[in-house]
Structure formats: structure tokens, C-alpha cells
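Right, one structure below, let's go through it.
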Amino acid sequence: MKLNRKQWMIIIVIACLLLCSVLMELMLPKIISESNLAVRLQAPSMQHFFGTDAFGRDVFVRTIVAAKLSILSTIVIVVVAGGFGIFVGMISGYMGGLLDEVLMAICDLFLAFPQMLIAIAIAGILGGGLHNAMIALAISDWMLFARLARSATLKEKSELYVTAAKFAGLSDIEILLRHILPNIRNVMIVTLTLNFANMLLSLAGLSFLGIGVKVPTPEWGSMISEGRQYLTSAPWISLFPCLFIFITVFLINQFAKTFNNQEEERNETMD
């Protein structure tokens, strides 16, 4: 996979945001967590770029620090859900038969319900919190990858190179990992990238509902929730975390879009 200039710029921007988040967390721990009621609910100014919240904490610092938890947690969710789903989908599509029917029936059972509803139910049962929210979202998200990986595997396993690999004596696992996976990789990367944006919003949604990241831990969803009772008097408390979610989702979608365009151009060239 060769990245173009636009994709590198997106990676650099997000990497810089994460670096600033880590540095602020290390250098400004008191500003992040300690209350200062003398400056509570102050509007954005040169002293507090994004204003202060109901406890007098600097919204700018907390918003930047929240980026690390929001983005890295989402990456873990997508990697776990995507990895499991792709594995299930590839096995299902390649093996076929009863195993395929059973695995796809399980996928259909999950897909019969809204993804967010499943995540809310699981997180509620587990008791909320960041780790339980991540588990809930991973469980509610793997079916999409399984379905797409199965479809792509069904297409690839009929190709001549798979038949040749079988005649060469390669095992099923070797064929899946060495031949089929590299050929469906790009489709899966696009799906993983697009799903990242969805999971970022879902994690923020669970935190907003109070069953994700718990306050006062800085996380975009929980910060929006903290500021919702001050939307008329101090809208900046929720506004800036919302803005950072929007920017991050936009950048990730642009990355996936340009990568998808590259893949389409490559396929047209090959044809």
C-alpha cells in the first residue's frame, strides 16, 4: 500500500494531535483534573482558549488530552472487531458448507438488531466504564467485517491461483494467509478505516449516555455530556469536543476515500 501526499498529511495531523495529548497529560496533570471554582464557566479568552467548564477546568487542555483516550481506544476496538470478523468471514467463505451456514446465521442474528442498541445492552450488563464499553462495541461490530470478508473470499477462492496452491500441497491456512488475505487486504483496509469513524462516534455516544468513559476522565463523549446542562449559558464546554470529533471523523473519512479511489484506479488499470 503506497500512501499519497494527502494521506500522509492526515496521518501527520492525527499523530501531532496524539503527541500533544500525551505531552499535555504529562506536563499539566493539575489543570486537567483539579477544580478552580474562581474561574468556572469563563468564556473563551487568551487565558483559556476554549473557556472553562463548571469546575473551572480548562476546556482546551481537557479536549486535547481527551484525544489520546478517544482515538487510541477506538483503534483497539476496530482492530479487535475487524480482526475477529475478518477471520470468521474468511473461514466461513473458504470452508463453506454447514460451517458457513452456522457462522452466517450468527451474523444475521446480530445484524437483525441496531448496532448501537446491542452495544448499549452489553455495556449496561457489564456495568459500563471504558473497558466494558470497548468490549461491547467490539462485540456489536465484528459482523460487518465477517460479511465483507466472506464475500471477498468467495470471489477469490474460485481463482486459478487458489487451485494452483491446492495442487502445490499448501494447507488451507497457508492458502488463506499467503494468497487470499493479501488479495482482499485493500478492501478490508478501506472498511476498517471507515468503521473507525463509526466506532469513534459510538464510543463518544456511550460515554455521553453515562455507560462509557466515566467523568471526570477527559474523553470527548463524556465532556459533551458534562456540558449539556450548560448549552445556553456556556455552550463552549460541549462545542469544542464536538468539533474535534467532527474534524477527526472527517479526516479519517477523507483518508478512506482517497485510498478507495486509488484502489478503483488500480483495478481499472489492471482491467
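Just going by the charge dipole of the chain, with Lys and Arg at +1 and Asp and Glu at -1 on Cβ, which of L200, M223, N261 is farthest out on the positive end? With unit charges placed on the Cβ atoms, the residue in question is M223.
Positive contributions from Lys and Arg (+1) and negative ones from Asp and Glu (-1), summed over other residues with Cβ under 9 Å from the Cβ of F50, come out at 0. Given +1 on the Cβ of Lys and Arg, -1 on the Cβ of Asp and Glu, and no further charges, what dipole in debye does segment 49-140 carry about its Cα centre, rounded to the nearest 20? I would put it at about 400 debye. Computed over protein heavy atoms with a 1.4 angstrom probe, the accessible surface ordering of Y94, Y161, Y230, largest first, is Y161, Y230, Y94. Its Cα centre serving as origin, segment 34-103 has a Cβ charge dipole (Lys and Arg +1, Asp and Glu -1) of approximately 340 debye. The smallest convex shape that holds all Cα atoms of segment 129-271, its convex hull, gives 122 Å³ per residue. With the simple spin-label model, which puts each label point 7 Å out from Cα in the Cβ direction, the S151 to K6 separation comes to 2.4 nm. Applying Stokes-Einstein at 37 °C and 0.692 mPa s to the Kirkwood radius of segment 50-136, computed over alpha-carbon pairs, gives a translational diffusion coefficient of 207 µm² s⁻¹. Note on segment 88-162: with charges restricted to the Cβ of Lys and Arg (+1) and Asp and Glu (-1), its dipole about the Cα centre is near 80 debye. For the chain, the per residue solvent-accessible surface stands at 52 Å², with DNA, RNA and ligands left out and a 1.4 Å probe.
Would you work out which of V65, A136, L99 lies farthest towards the positive end of the dipole of segment 1-153, given +1 charges on the beta-carbon of Lys and Arg and -1 on that of Asp and Glu, about the Cα centre? Of the candidates, V65 comes out farthest on the positive side. Annotation for segment 1-102: trypsin sites (Lys or Arg not before Pro) lying in DSSP loop with at most 10 further Cβ atoms inside 10 Å of their Cβ are K2. Against the set (i) 6, 20, 28, 28, 15, 3, 0; (ii) 7, 29, 37, 21, 5, 2, 0; (iii) 7, 25, 28, 21, 12, 6, 2, 0, the structure's computed P(r) over Cα pairs in 10 Å bins from 0, in percent falls on (iii).
For D108, the accessible area of its heavy atoms, probed at 1.4 Å with every protein chain present, is near 70 square angstrom. Charge tally for L177 (other residues, Cβ to Cβ under 13 Å; Lys, Arg +1; Asp, Glu -1): -1.
Listed by number, the DSSP H helices of the chain that run 24 Å or longer by alpha-carbon position along their axis and have mean Kyte hydropathy of at least 0.0 are 5-27, 59-95, 130-156, 181-208, 236-270.
Residue pairs exceeding 24 angstrom between C-alpha atoms, taken from K6/K157; K6/K68; K68/K214; K214/K257: K6/K157; K214/K257.
Between the listed residues I180, S151, I125, the Cα displaced farthest toward the positive end of the dipole of segment 91-184, a dipole computed from Cβ unit charges relative to the Cα centre, is found at I180. Distance between the 7 Å Cα→Cβ label points at H131 and N183: 4.2 nm.
Show log10 I(q)/I(0) for segment 120-171 at q = 0.20, 0.25 Å⁻¹, two decimals, from a solvent-free Debye sum over equal Cα scatterers. After summing over all Cα pairs, the log10 values are -0.71, -0.88.
The values are calculated or read from the model by the stated rules, or taken from the named source; none is laboratory data. From a predicted model like this one, the values you see are computed outputs, not experimental measurements. Note: ideal-geometry Cβ built from the backbone for every residue, glycine included; neighbour counts use all protein chains shown. We work out accessible area using only protein heavy atoms, side chains counted, and drop any ligands, DNA or RNA first. Shrake-Rupley method; radii C 1.70, N 1.55, O 1.52, S 1.80 Å.
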